[in-house]
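Contents: one structure, followed by commentary.
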Amino acid sequence: MEAAPPPEHRLLGGSIPYVEGPLKVAGRAEYTDDLKRPGMLVGKLLRAPWPHAKLLRIDVSKARAMPGVYSVLTGDRYPIPFGVLPITKDETAIAVDRARYIGDIIAAVAAQDELTAERALAAIDVQVEQLPEYTDPRMGRTRVEAPIHEKGLNHSNIQKEVVQHFGDVDEAFRTAAATVRVRASFAGVTHAFTEPQCTIAEATPDGRLTIWSSTQVPHYLHRSLSEVLGLPMHRIRVIKPEVGGGFGGKSDPLPHEIACAALALETGRPVKILFDRDDVFYTNHGRHPTFNDVRIAADADGHLLGYDIEAVIEGGAWSSFGTVTTYYNGVMAMGPYRLPNFRYKGQRVFTNRPPSGAMRAHGGTNIRYSVEVGLDELAEQLKIDPFDLRVRNALPPNSTTINEFRITSTSFLKCLSAVRARSGWADKWGRLPYGQGVGLGCGFYISGSNSPIHFTPKMPQCTVHLKADMDGGITVHCMQADIGQGSNTLLAAIVAEVVGVALDRVHVSAVDSDITPVDIGSYSSRVTFMMGNAARRAAEGLRDRLLDATHQLTGYPRDALQVRFERYEVDHRPDVGVSYMDALHQAMQGTGALQSTGSYTSPPVGGTFKGARAGTAPAYSFAAYVAQVAVDAETGVYAVEKVWAAFDCGRPLNRLAVEGQIHGSIHMGLGQLMGESMDYRGPRLMNPSLLDYKILMPHQMPEVECLLVGDDDPEGPFGAKEAGEGPLVATLPAVANALYDAVGVRFYDLPITPDRVLKGIDRRQADGRAWKGH
């Protein structure tokens, strides 16, 4: 049943159950692994056991001769490089000439069954010359003997270097009344989505290639398949079944997808590659291990004067989204505060480890931690309440940051006010017993990247097609990728709201490049804002056709007609009107099925300096969280008891989805803070399984109170902004600052595990510094 929404809208603003929910809970939703094709072969990948090696010879003759083996491929067959960013195409489907990390793909096999495929992999003989291995990004910033990629800056392993300076940072620090410095390190973390990657490819006698894949970016995959395989895009069909989570880990076109397609072309048979969990870890593209150094200056009243930030980011073996990441690790510090001076130097460095890439709140999470912890230290120096410090520096609406981010709507002050009151901050901060504490953390994130990755002339960032036929159903076609976040439900609800029909009349078709118009994918929290606007425009076009038909049937002018539920009426004359079905059939006369199109292209914003587009967005979300913790000072074990989460996503169009995103973001943020870590011994990943990689357990999840306080955004669909990634970033510093309130220890290395808590308490006590009498 449809939940009862607020009166302004019939659906939007309420809690709308996901349209695919019944299929999922009944086990009837189809994921890639559920699909079967006649004569389908099993694809398997041979992964390198060496961190860095020149491939001298790969002998596949024994494997090819084995009964039941249909194809064995090495990198020389399809050597064209690809990548999600056109400016950094350095990945290959299968390694060419060199293996760059333990887990790099060096051969691919298609066989009649899994056992035969495994035996074929074992029969491949590889001879190599091992090269120097590089595992510390800080050491790869100078000239090295054998760079991981030839394009490394000045014969080093630096993939990207960003230097930006706005204002006069040196003068800001010279005149400051208070300064702080936070030097922090962050372990790499991975997405840990439920569904492992899976791809099926089929080449058919008509010269076409069809791909089914668990992906967030069907369009980018479509492009990369064409580039590497040498087929025009119109001969390739990409279909996205249900996706069991992505969080950024499926937002690159990935090597196995192209290798699977290549095996299908070589064999003329359908081929399926399904990852084991260790394959997922080796593919990674997770959050970058990071070292950052953040200096903050303020005047005596707590007004911020400047930031001076340096970051060294470990990229692993490939570029992926790394150029964007390098910029984001600086510019995502710009909000939610006014800042008159800013300097940033960031370096992303290749290492012989699995590639890093985009992960929820990409580029904004680690820098936000250091800034927010630093602000609390600054408040302590100046003897200012952490809330008051942030209130004094809040970005106002309709403003521009020093690096020319355009800020339209912001309800950051409302977030601060709401969470301060609801958490009982005045009675808790600094007043709870030893081992208990509260902390504040704030956040700021983009509602979609303003600039598309591919600059196809005049192509919108999102297009939505609608078709309404005589049965009364409305089919929605759009390439936006629902990966569990509820975008299909929002798409259907926007159409139903505007047209005035029941939600169950609207059916969102599966993503299929033969049918659905281009949308560039689910990443950078772009879907609600960009898809939502395109959907609204398409629905308004269809509604206008129906109102024209109502005018023809009633004789009343268009401007006198109103949309009601399943009916179009004369304003203030409910007795005069026609049903939706009657209006539809009238509109179809002489034309047949009604069709409507809507699209969205973000407005031009940002400056003209190098890198000006990084971090620009049509709108931004804002957050203020308070966390309450309890620490066992004898063991270092701690629990996050409750999080009050005030979030500005503009108008929440589906409260069920928004609150779900906030809960999920808090869970993921706490995982990174409390225990998640990709643990290495040199270049070797030691915990590539969910038994050893410690995601947050259910009993560790705190109570969460969501406070949705945003005002409408002037350009968002019905006033909405993003709520998929921004809810994560405030979580980590809120808990870290609460730990300080509880036991008097600052933490600069993540994750904050119980042993680190205990060592911190011991150091504080050894220094003779008491905290709450301890």
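Gain in length, R174 to K24, computed as 0.36 nm per residue apart minus the alpha-carbon separation, to one decimal in nm? Provide the component values of the computation, followed by the final result.
On the way: separation 150, 0.36 × 150 = 54.00 nm, distance 5.94 nm.
Using 0.36 nm per residue and subtracting the Cα-Cα distance, I get 48.1 nm.
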Check: Counting only protein heavy atoms, what percent of the accessible surface of the range 206-289 is carbon or sulfur at a 1.4 Å probe?
Finding: 49 percent
Margin query: Given the range 458-600, report the % of alpha carbon pairs whose separation exceeds 20 Å.
Written below: 45 percent
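Report the local net charge at T283: Lys and Arg +1, Asp and Glu -1, summed over other residues whose C-beta lies under 12 Å from its C-beta. Numbers along the way, then the final one.
Numbers: positive: R47, K250, R277; negative: E91, D104, D252, E257, D276, D278, D279.
Result for the local shell: -4.
How large a share of the accessible area of the range 458-600, in percent, is made up of carbon and sulfur atoms when the probe is 1.4 Å and the other protein chains stay in place?
Values: 2560 of 5290 Å².
C and S atoms contribute 48 percent here.
Based solely on its DSSP helices, what 222 nm [θ] is calculated for the chain when runs of n ≥ 4 H residues each add -39,500 (n - 2.57) and the sum is averaged over all residues, nearest 500 deg cm²/dmol?
Numbers: 19 runs with 202 residues, N = 774.
Calculated mean residue ellipticity at 222 nm is -8000 deg cm²/dmol.
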Margin query: Which residues does the label zone of R138 cover in the range 305-343, counting backbone N under 11 Å from a point 7 Å along Cα→Cβ?
Written below: 312
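Using 0.36 nm times the number of residues separating D514 and Q589, minus their current alpha carbon distance, what extension gain do you get?
On the way: separation 75, 0.36 × 75 = 27.00 nm, distance 2.78 nm.
The span from D514 to Q589 would gain 24.2 nm if fully extended.
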Notebook entry, point to check: For the range 305-413, what is the convex hull volume of the alpha-carbon atoms per residue, in Å³?
Noted result: 110 Å³
Check: Using every alpha carbon pair in the chain, what percent of pairs falls into each 20 Å bin from 0 up to the bin containing the largest distance?
Finding: 16, 47, 30, 6, 0
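What does the highest-first list of 459-470, 713-724, 692-703 look like by mean Cβ count within 10 Å?
713-724, 459-470, 692-703
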Next item on the list: May I have the extent of the alpha carbons of the range 253-301 along their three principal axes, as whole Å values ordered from largest to smallest?
Entry: 72, 20, 15
Note to self: Students often get this wrong, so check it: of K414/K759; K89/K272; K345/K759; K151/K272, which have C-alpha atoms separated by over 27 Å?
What the structure shows: K414/K759; K345/K759; K151/K272
Notebook entry, point to check: Once fully extended, how much extra length lies between A300 and D206, figured as 0.36 nm per residue of separation less the alpha-carbon to alpha-carbon distance?
Noted result: 26.5 nm
Check: For W318, W212, what's the largest-to-smallest order of accessible area, 1.4 Å probe?
Finding: W212, W318
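Report in % the part of the accessible area of the range 371-434 that belongs to carbon and sulfur, leaving out ligands and nucleic acids; probe 1.4 Å.
So the carbon and sulfur contribution to the accessible surface is 50 percent.
I'd like to know how the range 451-504 sits against the 2.2 N^0.38 Å rule of thumb: what's its Cα Rg over that expected value? Numbers along the way, then the final one.
On the way: Rg = 13.7 Å, N = 54, 2.2 N^0.38 = 10.0 Å.
Taking the Cα Rg and dividing by 2.2 N^0.38 Å, one obtains 1.36.
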Margin query: With 18 Å as the cut-off, how large is the P(r) tail for the range 177-255, expressed as percent of Cα-Cα pairs?
Written below: 51 percent
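For a quick check of your reading of the filter: which GluC sites (Glu not before Pro) in the range 607-670 sit in a DSSP loop and have no more than 15 other Cβ atoms within 10 Å?
Details: sites: E634, E641, E659; in loops: E634.
The qualifying sites are E634.
At 1.4 Å probe radius, can you tell me the per residue accessible area of the chain in Å²?
Numbers: 28190 Å² over 774 residues.
Result: 36 Å² per residue.
How big is the range 605-762 by the Kirkwood estimate over distinct Cα pairs, in Å? Don't skip to the answer; put the middle values down first.
On the way: mean 1/r = 0.0572 Å⁻¹.
Taking every pair of different Cα atoms in the range 605-762, averaging 1/r and inverting gives 17.5 Å.
Rounded to the nearest 5, what % of the DSSP beta bridges within the range 458-600 are antiparallel ones? Could the numbers behind the result be given before it?
Working: 20 of 23 bridges.
Just about 85 percent of them are antiparallel.
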Notebook entry, point to check: Of all DSSP beta bridges located in the chain, what percent are antiparallel, nearest 5?
Noted result: 80 percent
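The values are calculated or read from the model by the stated rules, or taken from the named source; none is laboratory data. Please read all numbers here as calculations on a predicted model, not as lab measurements. Please note: Cβ atoms are built from the backbone with ideal geometry, for glycine as well, and neighbour counts cover all protein chains shown. SASA here: full protein model, heavy atoms, side chains in, ligands and nucleic acids out. Shrake-Rupley method; radii C 1.70, N 1.55, O 1.52, S 1.80 Å.
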